[in-house]
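Structure first, commentary second.
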Amino acid sequence: MTLADIRLTKEEILADYRLAYRSRQASYIGRREVLSGKAKFGIFGDGKELPQLAMAHAFQKGDFRSGYYRDQTLMFSLGLLTVQQFFAELYAHTDIEADPSTAGRCMIGHFNSRSLNPDGSWKNLTDQYNSSPDVSPTAAQMPRLVGLAYASKLYRELDVLHHLTQFSNQGNEVAFGTIGNASCAEGLFWESVNAIGVLRVPAVITIYDDSYGISVSNEHQIAKENLAELLMGFQRPPEACCDGFDIYSVPGWDYPALLKAYLQAAEVARRSHMPSIIHVSELTQPQGHSTSGSHERYKSKERLEWETQNDCLKKFREWILAEGLVTTRTLENWEDKDRRSVEDERKQAWLAYIGPIQAEIKTVAAIFDQVAAQSRHSEQIKKIKTQLQTIQVPFRRDAMAALSDVLLTVRDETAPAKEALLKWKRGQAGLVHERFGSHLYIEPGEQGSALAVSGRPALYSETSPTLMGFEILNTFFDQLLKREPRLIVFGEDVGRLGDVNQAFRGLQEKYGPRRVGDTGIREATILGQAIGLALRGLRPIAEIQYLDYVLYGLQLMSDDLSTMLWRSKGGHKAPVIVRTRGHRLEGVWHSGSPMAGIINLVRGMYVVTPRNMVQAAGFYTTLIQAEEPALLVEVLNGYRSKERLPDNLEEFSLPLGKPEILSAGSDITLVTYGACVRIVMEAAERLAQVGIQCEVIDVQTLLPFDLHGIIGESLKKTNRVVFIDEDVPGGTTAYMLQQVLENQLGYQYLDSPPVTIAAAAHRPAYGSDGDYWSKPNREDIFEKVYQIMHETNPKRYPIFY
Ligand SMILES: Cc1ncc(C[n+]2csc(CCOP(=O)(O)OP(=O)(O)O)c2C)c(N)n1
Ligand SMILES: [Mg+2]
């Protein structure tokens, strides 16, 4: 291919070289900074610069990236990252202005653009280049790509979305994914490729193939050691009618060929929504995988020599000179200048990072002096101060640790300057949340908080009909789809069948397969599909058919969805609602209730466990009014139970974090949720027969948990508490116990030891008897509660069973 085939000017090509050169210097200097102790860890994009330059030429405003830690050159090219910001991230600068990707919350190589304004409102995404926020688990960026690309399809095909011009220009946006060769050995990669192929969506996937995944070569990663060959089965025949991917295989050092491939792939994707895979081969790692090791340990001499000769930047330089685009001298001048400018930007980043820390150390040291002047331990305090001041690369924690040492030293004294120390310490504590903990959920005052939805009670009249649970939801979802055009529902058997329990019965016919659709059996990419859609302004309800199978999508919920807002410090929100059903049906894999596993892995999401379908509808309305991710578990055996349909089904909503007292009682508080509510109520009725008045409380939402201390208040009255569910012993019951006894200080009201009742440790056995002896049943609950009452008053409550 010749220069004439390239649609770029000479100036653009040379600007590309300079940018790639600068990016390379950033990698070199970055490694040096880690090895000299100024930063903790480094992983860089050296050796992968050229494909990223080409990708940037194909990337248009409105497009999205879902990539991984090698993509710095792309980010520089798109103007989404400056060299100074790159180093700010390397140093873990906690200021969002300094590191707009993660505010120091993630290590180097975790990039993103920002989709949200500081008040949490959406920016105009069609007016900027977009990058979703990166995660570290290999291939975990791929499921999200499915949704980012699928959004274009929906925006193009659904008339009801055409007014949302802030998010899409008629579905013309391409989603660019990047992944390393070894990460393609992950199931998530293949599941995502298959889903993209099935959905026929505009994704352009790049595989950077440097033949290694850390020290493990393709021999151990990829069958036949050849990804391009393996992927051939996905290839689209030349006829325009046919499905599949366009597959390109291009050496990573061939600038003209890369440009051609990217421009063509993006053009086809944009126009016809056909995806492609660009396998970029023959890439290298000039500095090895990361700063954690050196590749000389596992690469042969020949391989290392080959990498030196085939370095893409070196080859690009040779090509530019061979084409006579510039003289060697000019190039050397530029390189010299560019190297120095990268070093300058690094220095600026360092000063901006370390300056405030040094200032804080100075302040603390000055207070130490004041304390020393008033203390008989002045020598010891001076020693602590000197140690603090001589730390070469200090962290904030060093000042805090020294302060704690001084406080310990003067613990018996009453030096007035001690107050200044304590004041400084309190001031720091106030900053910790903002620096490291904010935006786990939407912050108060920012747009979209679910906790800001106060709820509206359900209204009933004499004419309110009684329906089956699934009919309640069916009516509800029909109304919701009608009034919320951005609502997109999908999952296994959700479309044609209307889900396995019929809550969407007839709704695909009414709203079409794009609003209510079937997916393949692919829970991880159902999650990813939802995440990508939500990042692009849509409101997905992603269904996982049973709670037991949430585990397949749990990694995505845990690593990607629940950390999204936090890891970008308010830069991206993904209001995904994951809908599932569970707790109790039959056998191991249809009646699990692994709630503790889930709630402890998805902090950053809400977890809602309504006891029936009316409650579920009320919570769905709350979640749709907000813009935060949530998992809602419907009670499996509630679809065929009868419930009254509220007259105000459309408006009624339930606040999160507000337990409901289902029966008032003064003897003992029984705390539960979900499917166990019915069983606990039955047990409470029996207990009433023997004169024990139970206060039964339905927690309703596990995350957040009882925000108003309703359960703690109940303990003041009953002085006894039992936590009941069908998770494992020490699972969610232990969580509830910790929340009430520790957070709500409930321990101080107890006259009896707190008790938990959970399922057996083994998985639920099949059949009615299997269920009875695996999960808590009415009799168990009765006996355990009765036992507590017996211990408090054996005469009144003698053992009779
Ligand atoms: C799920 C998971 N397993 C292991 C790791 C540790 N790890 C980080 S990068 C990497 C190798 C990735 O190689 P490749 O996909 O070829 O990308 P490259 O670094 O070579 O560009 C591994 C094993 C991880 N981050 N995530
Ligand atoms: Mg690799």
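The values are calculated or read from the model by the stated rules, or taken from the named source; none is laboratory data. The structure displayed is predicted, hence computed values, not measured ones. Note: ideal-geometry Cβ built from the backbone for every residue, glycine included; neighbour counts use all protein chains shown. Only protein heavy atoms, including side chains, enter the accessible area calculation; ligands, DNA and RNA are left aside. Shrake-Rupley method; radii C 1.70, N 1.55, O 1.52, S 1.80 Å.
Would you mind counting up the charge near P465? Only other residues with Cβ under 12 Å from its Cβ, with Lys and Arg at +1 and Asp and Glu at -1. Charge balance near P465 sits at -2.
Near G177, the amide H atoms lying under 5 Å from its own belong to S66, V204, I205, T206; only residues 5 or more places off or on other chains count, and H is placed 1.01 Å from N.
Computed from the Kirkwood radius of its Cα pairs, the Stokes-Einstein diffusion coefficient for the range 550-610 at 25 °C and 0.890 mPa s stands at 194 µm²/s. Stretching the chain fully between T165 and A452 yields a gain of 100.6 nm (0.36 nm per residue, less the alpha carbon separation). Taken about its Cα centre, the chain carries a charge dipole of roughly 1400 debye when the Cβ of each Lys and Arg holds +1 and the Cβ of each Asp and Glu holds -1. Summarising the label geometry, the points placed 7 Å from Cα in the beta-carbon direction at A223 and R397 lie 4.5 nm from one another. In the complete set of protein chains, residue-level accessible area for D398 is approximately 30 Å², probe 1.4 angstrom.
Checking the a/c ratio against 1.5 first, then a/b against b/c, what shape does the Cα gyration tensor give for the range 367-427? Oblate is the answer for the range 367-427, as a/c is 1.5 or above yet b/c matches or exceeds a/b. Note on D647 and R796: the extension gain reaches 49.0 nm, defined as 0.36 nm multiplied by sequence separation minus the Cα-Cα distance.
Straight-line cross-link partners of K795 among the aspartates and glutamates, defined as a Cα under 17 Å from its Cα and at least 8 positions apart when in the same chain: D667, E783. What residue among P256, Y212, I367 has its Cα farthest toward the positive end of the dipole of the chain, where the charges are +1 on Lys, Arg and -1 on Asp, Glu, each on the Cβ? So the residue we want is I367.
Need the full-extension length gain, E12 to L407, defined as separation in residues times 0.36 nm minus the C-alpha distance. One decimal, nm. Mind dumping the intermediate values first?
Details: separation 395, 0.36 × 395 = 142.20 nm, distance 6.06 nm.
Contour length minus Cα-Cα distance gives 136.1 nm.
Estimated from the Cβ-Cβ distance and a Förster radius of 60 angstrom, the FRET efficiency linking R603 and D5 is about 0.70. The Rg/Rh ratio of the chain, with Rg taken over Cα atoms and Rh as the Kirkwood radius over Cα pairs, comes to 1.03. Dipole of the chain computed with +1 at Lys/Arg Cβ and -1 at Asp/Glu Cβ about the Cα centre; of S666, A103, V699, farthest Cα towards the positive end is A103.
Working from Cα pairs under 8 Å separated by at least six residues, relative contact order for the range 750-801 is 27 percent.
Can you say what percent of the DSSP beta bridges in the range 160-291, counting only those with both residues inside, are antiparallel? Round to 5.
Details: 2 of 20 bridges.
DSSP beta bridges in the range 160-291 are roughly 10 percent antiparallel.
Packing order of peptides 562-569, 428-435, highest average first: 562-569, 428-435 (average count of other Cβ atoms within 10 Å over each peptide's residues).
The amide H of S131, built 1.01 Å from its N in the peptide plane, has R65, S113 as neighbours under 5 Å, considering only residues 5 or more places off or on other chains. Taking the C-alpha atoms only, the angle from helix 328-373 to the longest principal axis of the chain is near 40 degrees.
A Förster distance of 45 Å, applied to the separation of the beta-carbon atoms of S768 and E157, puts the FRET efficiency at 0.45. A crude spin-label estimate for the pair F436 and Q479, with each label 7 Å from Cα along the Cβ direction, gives 4.6 nm. Listed by chain and number, the aspartates and glutamates whose alpha-carbon sits under 18 Å from that of K299, ignoring those within fewer than 8 places in the same chain, are D46, D209, D210, E219, E225, E282, E307, D311.
If we sort 292-299, 647-654, 577-584 on the protection proxy, mean other Cβ atoms within 10 Å, highest first, what's the order?
Working: 292-299: 13.1, 647-654: 17.8, 577-584: 25.1.
By packing density, highest mean first, the sequence is 577-584, 647-654, 292-299.
By the rule of a C-alpha distance below 20 Å, with chain neighbours fewer than 8 residues away ignored, the aspartates and glutamates paired with K382 are E360, D369, D398, D405, D412, E413, E419.
Of the listed pairs K642/K784; K347/K425; K362/K423; K38/K301, which have alpha-carbon separations greater than 19 Å here? Let's see the in-between values first.
Values: K642/K784 30 Å; K347/K425 30 Å; K362/K423 16 Å; K38/K301 31 Å.
Checking Cα-Cα distances, K642/K784; K347/K425; K38/K301 exceed 19 Å.
Restricting the GluC sites (Glu not before Pro) of the range 233-293 to loop positions (DSSP other than H, G, I, E, B) with no more than 14 neighbouring Cβ atoms within 10 Å leaves E239. When only Cα pairs below 8 angstrom with a gap of at least 6 residues are kept, the chain shows a relative contact order of 11 percent. Axis of helix 676-689 versus longest Cα principal axis of the chain: the two differ by about 20°, to the nearest ten degrees. Considering only N333, V146, P275, the residue lying farthest towards the positive end of the dipole of the chain is N333, judged by Cα position with unit charges set on Cβ.
Where both residues lie in the chain, what percent of DSSP beta bridges are antiparallel, nearest 5? Before the final figure, lay out each step's value.
On the way: 12 of 67 bridges.
In the chain, DSSP labels about 20 percent of beta bridges as antiparallel.
Taking Cβ atoms as reference points and 11 Å as the exclusive limit, the residues near G42 contribute a net charge of +1, counting Lys and Arg as +1 and Asp and Glu as -1.
Q85: net charge of surrounding residues, Cβ under 15 Å, Lys/Arg +1, Asp/Glu -1, itself excluded? Charge balance near Q85 sits at -3.
Given H placed on each backbone N at 1.01 Å, which residues far from E634 in sequence or on other chains put an amide H within less than 5 Å of it? HN-HN under 5 Å from E634: T580, R581, G582. Relative to the longest principal axis of the chain, what angle (0 to 90°, nearest 10) does the C-alpha long axis of helix 523-535 take? Rounded to the nearest ten degrees, it is 70. The label point for Q374 and the one for V500, both projected 7 Å from the Cα toward the Cβ, are 6.9 nm apart.
With r defined as the distance between the Cβ atoms of L304 and D780 and R0 fixed at 56 Å, what FRET efficiency is calculated, to the nearest 0.05? Working shown, then result.
Numbers: r = 66 Å, r/R0 = 1.18.
Taking R0 as 56 Å, the efficiency between L304 and D780 is 0.25.
Sorted by accessible area (1.4 Å probe), largest first, how do L745, L623 line up? Before the final figure, lay out the partial values.
Values: L745 85, L623 0 Å².
Putting L745, L623 in descending order of accessible area: L745, L623.
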